[in-house]
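The values are calculated or read from the model by the stated rules, or taken from the named source; none is laboratory data. Keep in mind that what you see is a predicted model, and the values were worked out from it rather than measured. Here the Cβ positions follow ideal geometry from the backbone for every residue, glycine too, while neighbour counts run over all protein chains shown. Please note that ligands, DNA and RNA were not included when accessible areas were found on the heavy atoms of the full protein model with its side chains. Shrake-Rupley method; radii C 1.70, N 1.55, O 1.52, S 1.80 Å.
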Amino acid sequence: MDIMTGAGLLAGIIVISVMMLLGGDLHMFISEHAMIIIFGGSIAATMIRFPLGVMLHGLPLGAKFAFTMSRLSARDLVDELARIAEIARKQGPVGLEKVETDEPFLAKGIRYVADGYDLEFIRDNLERDRDNFLMHLDEGSKIYRAIGDCAPAFGMIGTLIGMVQMFANMTDPSKLGPFMATALLATLYGALVANLFCLPIADKLHGKLLDEETNRTLIIDGILMIRDSKSPALVREMLLAYLPEKHRHEEGEPVPA
């Protein structure tokens with residue numbers, strides 16, 4: 001689990017809730033009309049931007065990866081691939097059939113090498129798999145960003161509708177309060193949906209996309225070197241180039257200045 005995503009959302013909800021409670025009852029901040037204009041309008045506008053299939057795939061995929069971490073870090077992958085290269089060097093491709101890993105993409109590459117597929121087949125399939133995954137993750141990020149862009153605008157639309165209704169009923173003072181509340185709550189809902197949920201999740205997904213691109217490219221290069229019977233030491237040294245300088249050394253080993 002990505003604790004920071006959940007902790008950030010929980011902290012934001014607590015802060016907003018406390019501020020609401022300090023000023024009165026939470027019920028005064030509930031408006032069905034404002035919810036309809038914000039959620040209905042934002043989803044409708046997003047549906048115009050993206051095909052239905054992209055939305056049905058991108059929304060759950062984005063939600064899943066916003067709250068989860070990669071099973072192995074880039075540093076862990078380097079160590080894992082060096083270990084696998086050692087097994088392949090000692091036992092040959094057949095020895096890889098018993099290798100187990102928590103990373104599905106790496107497991108697929110190991111299976112290709114163990115089954116004896118040629119280098120180009122492995123490269124093409126793994127790169128296609130990586131590119132398709134990154135495309136879907138990018139779609140999820142764009143969908144959440146689109147909703148985040150739409151929500152404040154529809155909050156303003158809700159505010160304008162509430163103001164029109166309020167001015168059209170100036171002769172009936174009993175209706176002024178509800179219409180004004182709807183107008184202000186639409187702006188509030190739009191700002192919350194955009195700035196507490198959708199835009200932060202979109203940014204988180206963009207960061208996850210960059211990490212996944214690095215990790216999966218690292219795996220592809222490592223698998224290809226293992227298929228090409230490179231030594232474990234060479235595999236490790238080549239893959240360490242993917243890591244920042246401070247992460248290229250074992251714990252306790254001094255980092256060159």
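Residue-by-condition table, conditions (1) assigned to a loop (DSSP other than H, G, I, E, B); (2) farther than 25 Å from ALA202 by Cβ:
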residue: VAL78; (1), (2): no, yes
residue: LEU81; (1), (2): no, yes
residue: GLU86; (1), (2): no, yes
residue: GLY116; (1), (2): yes, yes
residue: ASP129; (1), (2): no, no
residue: ASN132; (1), (2): no, no
residue: ILE147; (1), (2): no, no
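May I ask you to verify whether LEU188 is part of a helix (DSSP H, G or I) and over 20 Å from ALA66 (Cβ atoms)? Yes: the conditions hold for LEU188.
Restricting attention to the range 157-175, the residues that are in a helix (DSSP H, G or I) and of a type in the set (D, E, K, R) add up to 1. Of all residues in the range 16-29, those that are over 25 Å from ALA146 (Cβ atoms) and in contact (Cβ under 8 Å) with a residue 60 or more places away in the chain total 2.
Of the residues making up the range 200-215, those that are open to solvent by less than 30 Å² (accessible area, probe 1.4 Å) and either under 17 Å from PRO104 (Cα atoms) or in contact with a Lys or Arg (Cβ under 8 Å, 6 or more places away or on another chain) (or both) number 5.
Is at least one residue of the range 23-30 farther than 30 Å from GLU213 by Cβ, open to solvent by 30 Å² or more (accessible area, probe 1.4 Å) and modelled with pLDDT of 90 or more? Taking every residue of the range 23-30 in turn, none turns out to be farther than 30 Å from GLU213 by Cβ, open to solvent by 30 Å² or more (accessible area, probe 1.4 Å) and modelled with pLDDT of 90 or more. Looking across the range 52-92, just one residue is buried (at least 16 other Cβ atoms within 10 Å of the Cβ), of a type outside the set (Val, Ile, Thr) and free of Cβ contacts under 8 Å to residues at least 60 places away in the same chain, and that is GLU80. Of ILE13, ILE3, ILE37, all but one fail to be under 17 Å from ILE201 (Cα atoms), in contact (Cβ under 8 Å) with a residue 24 or more places away in the chain and open to solvent by 30 Å² or more (accessible area, probe 1.4 Å); the exception is ILE13.
Residue by residue, here is whether (1) of a type in the set (Gly, Ala, Ser); (2) in contact (Cβ under 8 Å) with a residue 12 or more places away in the chain holds:
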position: PHE105; (1), (2): no, yes
position: ALA114; (1), (2): yes, yes
position: PHE121; (1), (2): no, no
position: ASP131; (1), (2): no, no
position: ASP138; (1), (2): no, yes
position: SER141; (1), (2): yes, yes
position: TYR144; (1), (2): no, yes
position: GLY148; (1), (2): yes, yes
position: GLY155; (1), (2): yes, yes
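Checked against the criterion of being open to solvent by less than 50 Å² (accessible area, probe 1.4 Å) and more than 27 Å from the chain's Cα centre (by Cα), the range 96-106 contains one or more residues that satisfy it.
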